[in-house]
Amino acid sequence: MATLVHTLSSHSKDVNCCAFSASLLATCSGDKSVRLWNSQTFEELSFSPLLGHSYYVHWCTFSSFGTKLASCSTDGKVIVWDTTSGETLVVFEHENKPIVRVCAFSPDSQFLVSGGADNMLCLWDLSKKTCIRKMVGHDNVIMACAFTPNGAHVISGSTSGDLRIWDALHGQGKCLYYDPDCHDLAISGLAISPTFASANPAMREALGLRTYFMLATCGDNLVRLWDLDTAPVCSTKLRCDLTGHSATVQSVAFSADGHLLASGAVDKLVILWNPISAEMMYTLEGHSRYVTSVSFSPDNLYLASGSHHKVYVWRLGFQQPVLPSSENTPPQGSPAVGDASSPEKETNPTLAHNVISEWTVDAVCEWLSSIGLEEYCDGFRDNQIDGEELQNLTSDTLSRDLGVKALGHRQKILRGVQAVREKGFFSGSQGPVPDDQVPDEYLCPISREIMKDPVIAADGYTYERSAIESWLRGSRNTSPMTNAPLSHTNLTPNRSLKMIIARIYDL
């Protein structure tokens, strides 16, 4: 069982990662900040937020003893922080300053590995404050990496769906093992059990020469569990697929005792699994948007899940006393489908809950009725069209999937959605649209802020002029989105987009 006990909502942009140490919880966001929280009281530390990145922060992770925190960003930097003072200990940069998507400490905290849009892993020596090895082989952006529990190898995955195993100790830069089809699409996350097989000291003697671990990877709509062998040779063998999510799985994490595995996905769910029996245990509902990150506390009392600009902290276990919640009515963890002990669902908020992306299916149907199209409510309910999905509908999907055959009705729905989005609220409220409700095409891919002067670069992407000019001034003649060289540095004003943004947001 899991109960929501805290909601942390200090970030102003999407939370991309959350991570526990023995005494702290770290969160990072598109608002360029890293925040630190006391993991007992969940109060923010006096020297938080940590402000050192100039762009979107993608990842944060603690060293083994929790004295250091590493974060990485679109600005091409990996910053290592002192968690007792918030001071910067060292700043690492990949050679061409690409977007750095992920980083991980070695178990002994002597090394740090980072990977990103240059398709390369860099191994950093923290005492020497230098890169001691570059691991080259991936053909696409590296999204996930981790050290094995014995620190001897690094495992990494990319947006091509491939998995690679690397030597972390002996100076070899080429990968030792390559699985090109670990996932059909991208690998978005991976984790290694801290207690299974060779990670368990009690089992090492019985295993003889074999060294293997349990590896979890995610991507597509599923989580995969693998036997990961590193001795006498490196290899992977698929144990099973964990199916239960209905959209891309963004993150996976093992509990400290290895008895639980958590996954978070674009379907707004967190699922808790038993990794040994490969069974779904609970689904945690309550996030209004896709779940980007999950992390267990080392004492197994808490699970943190990041989504939108919020972090939910869940209390695990039936016997645990429940801490006061910062929300009036916290959603509860739901047992897996078919469990008779499933609690009753909360009453769904309707249009009174007026931010469109947080409309429930019932709220969408109420809105359809208010514009005289209640005849389509059954189809919207059957297809679970909530506020988030409503904003993604097109004329084709309305006709093909939802049975709205009349062109006039389709246009009425699409015009109505646009009118609500332009106001930002239902029932005529005149407040501006919150940044976290802004369509992605209006946000600069570098700064993640609403564009005031959008320009098109040679890679075909649109950026805020000041952001892309700053990028180019940093001697980076590559695309911030693809890392491919730019054929030229000319910037073309995107006047049509500028007019749309100015009209909607009064800029």
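The values are calculated or read from the model by the stated rules, or taken from the named source; none is laboratory data. Source: prediction; values computed, not measured. Note that we place each Cβ from the backbone using ideal geometry, even for glycine, and neighbour counts take in every protein chain shown. Areas reflect the complete protein model, heavy atoms only, side chains present, ligands, DNA and RNA absent. Shrake-Rupley method; radii C 1.70, N 1.55, O 1.52, S 1.80 Å.
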Original post:
Just for region 372-404: of the residues that are touching a helix residue (DSSP H, G or I) at 6+ places or on another chain (Cβ under 8 Å), farther than 20 Å from residue 267 by Cβ and at pLDDT 85 or above, which one is surrounded by the fewest Cβ atoms within 10 Å (Cβ to Cβ)?
Top reply: 374
Subject >> Flag for residue 71 being in a strand (DSSP E or B) and under 25 Å from residue 7 (Cα atoms) >> reply: yes
Subject >> Members of region 430-456 that are modelled with pLDDT of 75 or more and open to solvent by 70 Å² or more (accessible area, probe 1.4 Å) >> reply: 449, 452
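Which of the residues spanning region 69-95 are open to solvent by 60 Å² or more (accessible area, probe 1.4 Å), in contact (Cβ under 8 Å) with a residue 12 or more places away in the chain and not aliphatic (A, V, I, L, M)?
Of everything in region 69-95, those that are open to solvent by 60 Å² or more (accessible area, probe 1.4 Å), in contact (Cβ under 8 Å) with a residue 12 or more places away in the chain and not aliphatic (A, V, I, L, M) turn out to be 77, 84, 88, 93, 95.
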**OP:** Please go through region 17-26 and pick out each residue that is touching a Phe, Trp or Tyr at 6+ places or on another chain (Cβ under 7 Å) and either over 16 Å from residue 82 (Cβ atoms) or among the small types (Gly, Ala, Ser) (or both).
**Re:** 17, 19, 20, 21, 25, 26
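From the list 357, 369, 342, 334, exactly one residue is touching a helix residue (DSSP H, G or I) at 6+ places or on another chain (Cβ under 6 Å) and either modelled with pLDDT under 90 or open to solvent by 50 Å² or more (accessible area, probe 1.4 Å) (or both). Which is it?
So the residue among 357, 369, 342, 334 that is touching a helix residue (DSSP H, G or I) at 6+ places or on another chain (Cβ under 6 Å) and either modelled with pLDDT under 90 or open to solvent by 50 Å² or more (accessible area, probe 1.4 Å) (or both) is 357.
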**OP:** Take region 126-162 and flag every residue that is outside any strand (DSSP E or B), open to solvent by 40 Å² or more (accessible area, probe 1.4 Å) and either β-branched (Val, Ile, Thr) or touching a residue at least 60 places away in the same chain (Cβ under 8 Å) (or both).
**Re:** 149, 150, 159
**OP:** Please state which of the following conditions residue 215 fails to meet, knowing it meets all the rest: (1) closer than 18 Å to residue 237 by Cβ; (2) buried (at least 20 other Cβ atoms within 10 Å of the Cβ); (3) at pLDDT below 95; (4) not acidic (Asp, Glu).
**Re:** (3)
Subject >> For residue 81: the one exception among (1) in a loop (DSSP other than H, G, I, E, B); (2) more than 24 Å from residue 481 (Cα to Cα) >> reply: (1)
Subject >> Within region 163-184, considering residues that are in a strand (DSSP E or B) and under 22 Å from the mean Cα position of the chain (by Cα), the one nearest to residue 92 (Cα to Cα) >> reply: 164
**OP:** Mind listing just one residue for me: the one in region 25-44 that is small (Gly, Ala, Ser) and over 15 Å from residue 295 (Cα atoms) and, of those, surrounded by the most Cβ atoms within 10 Å (Cβ to Cβ)?
**Re:** 29
Original post:
Consider residue 247 against the criteria (1) under 25 Å from residue 153 (Cα atoms); (2) open to solvent by less than 40 Å² (accessible area, probe 1.4 Å); (3) not hydroxyl-bearing (Ser, Thr, Tyr): it satisfies all of them except one. Which criterion is unmet?
Top reply: (1)
Original post:
Of everything in region 284-307 that's among the polar types (S, T, N, Q) and modelled with pLDDT of 95 or more, which residue is farthest from residue 144 (Cα to Cα)?
Top reply: 297
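Table: residues versus (1) among the charged types (D, E, K, R); (2) out of contact with any Leu (no Cβ under 9 Å at 6 or more places or on another chain); (3) under 13 Å from residue 96 (Cα atoms).
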site	(1), (2), (3)
456	no, no, no
462	no, no, no
467	no, yes, no
473	yes, yes, yes
478	no, no, yes
490	no, yes, no
494	no, yes, no
**OP:** Report, ordered by the first and then the second residue, all pairs with beta carbons closer than 9 Å, sequence separation of six or more or different chains, a first member in region 163-177 that is under 19 Å from residue 238 (Cα atoms) and free of Cβ contacts under 8 Å to residues at least 40 places away in the same chain, and a second member that is in a strand (DSSP E or B) and among the aromatic types (Phe, Trp, Tyr).
**Re:** 164/177; 164/178
Original post:
Could you say whether any residue in region 274-294 is open to solvent by 20 Å² or more (accessible area, probe 1.4 Å), within 28 Å of residue 63 (Cα to Cα) and of a type in the set (Phe, Trp, Tyr)?
Top reply: yes
Original post:
Filter region 457-507 for residues that are at pLDDT below 75 and part of a loop (DSSP other than H, G, I, E, B); which is nearest to the chain's Cα centre (by Cα)?
Top reply: 482
Original post:
For residue 47, all conditions in the list (1) surrounded by fewer than 19 Cβ atoms within 10 Å (Cβ to Cβ); (2) closer than 25 Å to residue 256 by Cβ hold save one; what is the number of the exception?
Top reply: (2)
**OP:** Looking only at region 216-232, decide whether some residue is more than 17 Å from residue 146 (Cβ to Cβ), among the β-branched types (Val, Ile, Thr), touching a residue at least 12 places away in the same chain (Cβ under 8 Å) and in a strand (DSSP E or B).
**Re:** no
